[in-house]
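Novice: A single structure is presented below for examination.
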Amino acid sequence: MPDSEFVERYAIEEMKVARDRINADIDVMNRYEVLSVGLVGAIFALIFQYKIRNREALIFITMLPALVGLYGYFRFRAHAKLVQKYNEYLMAIEAQLMRKDRSFIGLATSQKRSKIKSHIRLVRSLFWIAIIVFSLLLTAGTQWKPNWLANSVTTNTPGS
């Protein structure tokens, strides 16, 4: 097998691996977001369903969603950087293939040239920031006014 044919086949295999890694990282980001929403929802249900009198416990429980959000945001950014590196690598391989055949346009190059831009990075960032901000506001609010919690309000009814 000639050297150039070997290099081409190697490049094609590398492209497959890079694309698989991109898909795997995106899948991990998606799964973590779904699990985080469930966890944050369960924590918020706990916070709003039960009367928590101990302020230390309350601050710890209300800070958990913010911690999940911070971890999720940094994890998302790390995976996004990996996806970007893989994509840059694919574009470098595609550039070499385009030099051999001007009609060749690979997926990474095509997406880069596209006028249609995805705003998923912005949406994901806003998602994590919203969880963090809401959690911090909830923490401050429940420390300042614990009666916001569902079962902490007492009613004065006759006969009680």
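Every number in this text was worked out from the coordinates using simple rules, so none of it is lab data. All values derive from a computational prediction rather than experimental measurement. Neighbour counts are summed over all protein chains in view; Cβ atoms, including those assigned to glycine, are modelled from backbone coordinates with ideal geometry.
Novice: What is the dipole size for the chain, taken about its Cα centre, with +1 at each Lys and Arg Cβ and -1 at each Asp and Glu Cβ, in debye to the nearest 20? Please report the intermediate quantities before stating the final value.
Specialist: Values: 22 positive and 13 negative charges, 126 e Å.
That gives the chain a dipole magnitude of about 600 debye.
Novice: Which of these values of volume of the Cα convex hull per residue in Å³ was calculated from the structure shown: (i) 129; (ii) 144; (iii) 188?
Specialist: It is the value labelled (i).
Novice: Additional query: Please give the peptides 49-57, 137-145 ranked by average Cβ packing (other Cβ atoms within 10 Å per residue), highest first, as a rough proxy for protection. Let's see the in-between values first.
Specialist: Details: 49-57: 11.7, 137-145: 14.4.
The densest-packed peptide leads the list: 137-145, 49-57.
Novice: For segment 68-93 and segment 40-54, what is the separation of their Cα centres, given in Å?
Specialist: 33
Novice: Sticking with this one: Is it possible to state the helix-based mean residue ellipticity at 222 nm for the chain, with each DSSP H run of 4+ residues giving -39500 (n - 2.57), the sum divided by total residues, to the nearest 500 deg cm²/dmol? What is it?
Specialist: Details: 4 runs with 125 residues, N = 160.
Roughly -28500 deg cm²/dmol at 222 nm, from the helical runs in the chain.
Novice: Next question. If N is the number of residues in segment 45-92, what value comes out of its Cα radius of gyration divided by 2.2 N^0.38 Å? Write down the numbers at each step before the final one.
Specialist: Numbers: Rg = 18.5 Å, N = 48, 2.2 N^0.38 = 9.6 Å.
Rg over 2.2 N^0.38 Å, computed on Cα atoms: 1.93.
Novice: Any idea which of M98, I43, M15 is furthest toward the positive side of the dipole for the chain, if Lys and Arg beta-carbons carry +1 and Asp and Glu beta-carbons -1?
Specialist: I43
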